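The next block holds one structure in the form of structure tokens; read it before the comments.
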Amino acid sequence: MSTTAILQQRVLLLNGSTWEPLSVITVPRAMNLLLAGKAIVVEESGKFIRTVRDQFSVPSVIALRTYINVPRRRA
């Protein structure tokens, strides 16, 4: 699979301590959250992104380190 195809994949983003689904985000956004220390990997996809100096595992599910309060909409 090409790097472009891997970068277009989606990653499930879970909330902090409750692990409720928050959103589905792109691989680049997920990698930014991971490298900034704001999220942890819950499940890996088994694919890798290679750079000149490193190789990064592509996550399929990540969770934020902190809880985000999401207001509930009335039905």
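The values are calculated or read from the model by the stated rules, or taken from the named source; none is laboratory data. These numbers come from a predicted model, not from an experiment. All Cβ positions, even for glycine, are placed from backbone atoms using ideal geometry, and neighbour counts span all protein chains on display.
Tabulated values for the structure
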quantity	calculated
Leading residue by the ranking (modelled with the lowest pLDDT) among those in region 51-71 that are surrounded by fewer than 16 Cβ atoms within 10 Å (Cβ to Cβ) and touching a strand residue (DSSP E or B) at 6+ places or on another chain (Cβ under 8 Å)	Val70
Identity of the residue in region 28-47, free of Cβ contacts under 8 Å to residues at least 24 places away in the same chain, assigned to a strand (DSSP E or B) and not aliphatic (A, V, I, L, M), that ends up surrounded by the fewest Cβ atoms within 10 Å (Cβ to Cβ)	Gly46
Residues within region 1-27 that are farther than 28 Å from Arg72 by Cβ, free of Cβ contacts under 8 Å to residues at least 40 places away in the same chain and either surrounded by fewer than 13 Cβ atoms within 10 Å (Cβ to Cβ) or over 11 Å from the mean Cα position of the chain (by Cα) (or both), tallied	4
